[in-house]
1. Quickly run through segment C:16-39 and pick out the residues that are at pLDDT below 95 and among the β-branched types (Val, Ile, Thr).
2. Could you tell me which residue of segment B:100-112 is farthest from residue A:123 (Cα to Cα), considering only residues that are more than 10 Å from the chain's Cα centre (by Cα) and in a loop (DSSP other than H, G, I, E, B)?
3. Based on what the data block shows, is residue B:55 aliphatic (A, V, I, L, M), within 25 Å of residue A:140 (Cα to Cα) and more than 14 Å from chain C (Cβ to nearest Cβ)?
4. Just the residues that are modelled with pLDDT under 90, in a loop (DSSP other than H, G, I, E, B) and surrounded by 15 or more Cβ atoms within 10 Å (Cβ to Cβ), please, taken from segment B:1-15.
5. May I ask you to list the residues in segment A:100-112 that are surrounded by fewer than 23 Cβ atoms within 10 Å (Cβ to Cβ) and touching a strand residue (DSSP E or B) at 6+ places or on another chain (Cβ under 6 Å)?
6. Out of curiosity, is residue E:73 in contact with a Pro (Cβ under 8 Å, 6 or more places away or on another chain) and within 26 Å of residue C:81 (Cα to Cα)?
7. Considering each of A:41, A:60 in turn, give the residue that is buried (at least 24 other Cβ atoms within 10 Å of the Cβ), closer than 25 Å to residue B:9 by Cα and not basic (Lys, Arg).
8. Can you tell me which of (1) within 14 Å of chain F (Cβ to nearest Cβ); (2) of a type in the set (Val, Ile, Thr); (3) over 21 Å from residue D:43 (Cα atoms) is the one residue D:140 doesn't meet?
There are 6 protein chains.
Amino acid sequence: MSDLTHIDQHGHAHMVDVSAKESSLRSAYASARIITRPDVIARIQQAEIKKGDVLATARIAGIMAAKRTSDLIPLCHPLALSKVSVDFVLSEQEIHITTLCRLRGQTGVEMEALTAASVAALTIYDMCKAVDPAMVISDIRLQEKQGGKSGHWLRSGESDHV
Amino acid sequence: MSDLTHIDQHGHAHMVDVSAKESSLRSAYASARIITRPDVIARIQQAEIKKGDVLATARIAGIMAAKRTSDLIPLCHPLALSKVSVDFVLSEQEIHITTLCRLRGQTGVEMEALTAASVAALTIYDMCKAVDPAMVISDIRLQEKQGGKSGHWLRSGESDHV
Amino acid sequence: MSDLTHIDQHGHAHMVDVSAKESSLRSAYASARIITRPDVIARIQQAEIKKGDVLATARIAGIMAAKRTSDLIPLCHPLALSKVSVDFVLSEQEIHITTLCRLRGQTGVEMEALTAASVAALTIYDMCKAVDPAMVISDIRLQEKQGGKSGHWLRSGESDHV
Amino acid sequence: MSDLTHIDQHGHAHMVDVSAKESSLRSAYASARIITRPDVIARIQQAEIKKGDVLATARIAGIMAAKRTSDLIPLCHPLALSKVSVDFVLSEQEIHITTLCRLRGQTGVEMEALTAASVAALTIYDMCKAVDPAMVISDIRLQEKQGGKSGHWLRSGESDHV
Amino acid sequence: MSDLTHIDQHGHAHMVDVSAKESSLRSAYASARIITRPDVIARIQQAEIKKGDVLATARIAGIMAAKRTSDLIPLCHPLALSKVSVDFVLSEQEIHITTLCRLRGQTGVEMEALTAASVAALTIYDMCKAVDPAMVISDIRLQEKQGGKSGHWLRSGESDHV
Amino acid sequence: MSDLTHIDQHGHAHMVDVSAKESSLRSAYASARIITRPDVIARIQQAEIKKGDVLATARIAGIMAAKRTSDLIPLCHPLALSKVSVDFVLSEQEIHITTLCRLRGQTGVEMEALTAASVAALTIYDMCKAVDPAMVISDIRLQEKQGGKSGHWLRSGESDHV
């Protein structure tokens, strides 16, 4: 049974040593959902139709946040991301967010993909909170990761980023 | 019916003018949940018992993220927060996070409280992902806000920050 | 004849003391131009028509940069901006950028408006540099400022932000 | 005819994938001009003579801004710059700024060189705005780039960084 | 006997509530020393004489760090500093650094003055480490503070910032 | 006799070119001391015993600061640190801080280790300043470095990080 890797033998937090890990191409896919009222979805769609910036703003916020992950999450390694994308699908009562991060490096990009999804969701909340403060952000989760020693990991029973 | 406040009449994003709003004491309470396996909760609790830093690290990450909200969320105003706290309750399969932000100012602190909850949750995910990459962060939501022109708002049917 | 305010009597840089200045409502309007080929303007317009994100991305970059001005410009005071907007007008061979910043405070927001214009321009350059690396950013300048002891200042012979 | 690389097939912004690009030594030279009155140039020169910090401050601001380019420009990749320099030449009515950025990596450093030039110019504006708010920052442009698949690019008809 | 103010009754870190504190004019003076070999001091002095940037760079680094204190020190409140200065006195074997921070606000600026002194010292170390890696930074301390409920505090037996 | 490497032949600061240096595994160990009253040490120890967050907060602050070194120290290169740790030993009147940074790269990590030690010390000062504003931070120094062309360097007469 593995231990918590970010806690040393004295119970203290540290940034784990990845200097001996091999560099490989690594990708991570994450997702999140924002649940709101149908009329809020309609407003966002209308804003989109008339060239509105709701989702464009959230996309940029998510991409920029991915680049700042190691500044936000204390024990994350600084990484030179080589690709970030953030996408949205709107349904009647929710917005589904999917993110992809990739790099060639010594450690995985799961936190970057999850941070992008979280900050994109928070940005949508911010832009719509005047009309629905009760909006809920849910199901922020890793969907799949590739590369590294642990290899391919796919959330069991599902994968929605294809 | 109100519009999306952060989108102007041309459908473009802007940072809304709060210069004419009155300064008042404002508080916001938010919460989030992280769902994992009972053995992961047990490890976190053990780490806590032996002075471990899992929750301490997540708490600091949440507090620091609250202060950086306007750097992360594109249309948020920079705010001089006067108080931030982040708390955790562990149950069998989940960690419940509650946050409080407060300031005397011209605009509310909902985004700061939600950002603190999100980043605290992401930090726990980061520290435990080696043992449970399937962990899910859910129910990031505003619980209550006080102050400002819109006054008191309480999520209907519940309030868990007392 | 006034001296360089940010240099003390020994010739050293310092952040000037504004603690005794009165708080007042202050606005600043700045502008910039990006000169490129007509076919690049056409691509940006097409991207706009199909909901493209070129100008939306530049607008968000400009707004976020305004909030980080005191982090970039060594002797700028940290300011709690109450409003930022960034707008674009496309003509045959150039994009004209105008910005507005506002706050109630002890010091002006010229640098914030100029920084927003500069970073919005750099972002457009970044997104179009593969098709036109020779693009030039020009005429970054203050157009007007209001508020504070020095009062109203309007660039002589012109004002293009109305 | 190439498309706007930072916009995907749906018209959305994304950070393009550079993970398959080869690493090579890349350099970029950029420049900018600040146009002001002769008496302002004289003051800056005097400050220089008596060990003043105007240009030293602008140089440091430009170097630090180069390192933060990916934090400011939404779709820029984070880069580990291996060299940055910022230089100034004063003439009767203007300051000419030249910058150089270099790294061994998978993507070019044009944006870093342009950002350094822009922020150095904004810093000079900030330090001199009390004596000349009408100062104009102009001609921010790439002069030359080396390395990468696209190879050598030199602004036609000129090169002022030799 | 007072408790550690940043630790709540459960032993957890939090950012203390200053929203009920009165706003007053507050100043803090801090200092630090860097001890090195006489030949290193001589080089720095020579660099100064020929317009060198060692101390100018350290001064700017210290001023910029003061503005970022709440980003670095987890439980510090974000503050709108109204003045920062950093000064140096060179003697045979050491550089003495003094800093001053000021603002009108609800909490003191001791941490800002200490952070400015620390980062100015680290910057000098960085610029001179190739010639003397054994340099030591010592005696980072508060010299005096004014304003706030606790009033005037002066380090007993000394004060070197006059 | 070597020159100040960060100052060019004209006496100006620049970020030195490391693009031709070989990549190697590099480590740096630094330390710092905080001197205070025995009763303050006792409070910190008690807080530790009851799961208090004083040292955990300082440790996280130090780790995060190491990652931001190139943002704080003007001429430092941005580095992708592969390991950071911060440790504390309490004695009667002081806290001894030791830090370790490591990466495989083209330039050393001394500044990262020293910055981690400094910011950890400042964080302890912040959390204890209400009970002892006279606390002094001293002896911030490099203890040892490994890797790179200059090879192994050990502070003469001592090494306390074993």
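1. Answer for segment C:16-39, where residues must be at pLDDT below 95 and among the β-branched types (Val, Ile, Thr): C:16, C:18.
2. B:106
3. yes
4. Hits for segment B:1-15 are B:4, B:5, B:6, B:8, B:11, B:12.
5. The answer is A:104, and nothing else.
6. Answer is no for this residue.
7. A:60
8. Going through the list (1) within 14 Å of chain F (Cβ to nearest Cβ); (2) of a type in the set (Val, Ile, Thr); (3) over 21 Å from residue D:43 (Cα atoms), residue D:140 breaks only (1).
The values are calculated or read from the model by the stated rules, or taken from the named source; none is laboratory data. Remember, it's a predicted structure, so these values are computed and weren't measured experimentally. Glycine gets a Cβ as well: all are built from the backbone with ideal geometry, and neighbour counts include every protein chain shown.
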